[in-house]
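Written below as structure tokens is the structure these notes are about.
The values are calculated or read from the model by the stated rules, or taken from the named source; none is laboratory data. Source: prediction; values computed, not measured. With ideal geometry, Cβ positions are generated from the backbone for all residues, glycine too; neighbour counts draw on all protein chains shown.
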Amino acid sequence: MRRLILFSFLASAFAVFFTGCSRNNEELDKAAIRTLVDTDTVWFNLNTTVDSTGTSSTLMDTTKGIIWLRGPQTHDSATALIEVVGDSAWVEWSRHNYGKIGILALVGMETKDTLVVWEKDLVETAKVRGIYRRTGSESDSNRGWTLEKISCAVASSEGYSTVNIDSFNVKSQDYDLTITDPLNTFYDIATLVTFHSGENVIVTLYANKAETDAFIHSFILAWPFYVRAPFANQGNGVHEGTWHAQLAPFPRFAILDLLAHSTLWTEAGVYDFSGILFPYNIVWP
């Protein structure tokens, strides 16, 4: 009987010790992954400032009698939710962005001859998800963790949000992709969707509302650095455009940007935005 009690006591003590070690290792893994996320400037640093302005450039869309831009933004501290299961980890990163959107437009029911200047508050939330895999040793500085997959990122205005990108299609020489659930659509970092340098990519965006305007933004390694182009409005919430892929190989996001028509064209229309950031790479032809 005494032996049985002693055995039960030792088994319980071992279980408590093992559980404590497992929890400690999990917290160490989460801390290592959080450091990787915080220092990642490619996939986990999302805002919409760069679609309009940067420290050395400003680009504004001048089609249809309107010039608009998003100004410099501030941010709150990013939140990273991390779940570790064995040698895999799931991360959801999110952050709020704050700033202004400036609009210079020619308005008027028919003549479009009245010049107006509006400045509106911008508040938005951005999210992206990633999957990490332990490919090294726990003794490594990052405990062996490596980013393996990244999702599309999503963003939307906060406080007032009525527009939404329901889905989008990307058609190129090698791809014909339709994405309906961007935050849960993951891409291998090592084998991202890849476009050939300079090739034409047709993007079709499907919005939940007809009264919307859509744009695509991409980064280039030359002035003006950030390029924005409007989609052609096909009606009934369908927007389509041809995008010329950049020349230099570089992994990045392309920003698909949907705004309520009233945001850009009426004084009373508040910032009403939905966006998707699509990860891709460029290769030489």
Checklist line | Single condition P72 does not satisfy, out of (1) outside any strand (DSSP E or B); (2) farther than 20 Å from V42 by Cα | finding: (2)
Check: So, in the range 125-164, of the ones that are in contact with a helix residue (DSSP H, G or I) (Cβ under 8 Å, 6 or more places away or on another chain) and of a type in the set (A, V, I, L, M), which residue ends up farthest from D38 (Cα to Cα)?
Finding: V154
Item checked: Qualifying residues in the range 76-97 (those that are more than 30 Å from G144 (Cβ to Cβ) and under 16 Å from the mean Cα position of the chain (by Cα)) - the one surrounded by the most Cβ atoms within 10 Å (Cβ to Cβ) -> N97
Next item on the list: Please go through the range 240-285 and pick out each residue that is in a loop (DSSP other than H, G, I, E, B) and either farther than 25 Å from N45 by Cα or modelled with pLDDT of 85 or more (or both).
Entry: T266, E267, A268, G269, V270, Y271, D272, W284, P285
Note to self: Can you tell me which of (1) touching a strand residue (DSSP E or B) at 6+ places or on another chain (Cβ under 6 Å); (2) farther than 26 Å from S197 by Cα is the one N142 doesn't meet?
What the structure shows: (1)
Margin query: Looking only at the range 34-91, count every residue that is modelled with pLDDT under 90, out of contact with any Gly (no Cβ under 7 Å at 6 or more places or on another chain) and basic (K, R) and tell me the total.
Written below: 1
Check: How many residues are closer than 20 Å to P251 by Cα and of a type outside the set (A, V, I, L, M) when one looks only at the range 146-167?
Finding: 5
Next item on the list: Within the range 205-225, identify whether any single residue is surrounded by fewer than 16 Cβ atoms within 10 Å (Cβ to Cβ), part of a strand (DSSP E or B) and at pLDDT below 90, and answer yes or no.
Entry: no
Check: If we scan the range 133-146, do we find a residue that is in a strand (DSSP E or B) and of a type in the set (K, R)?
Finding: yes
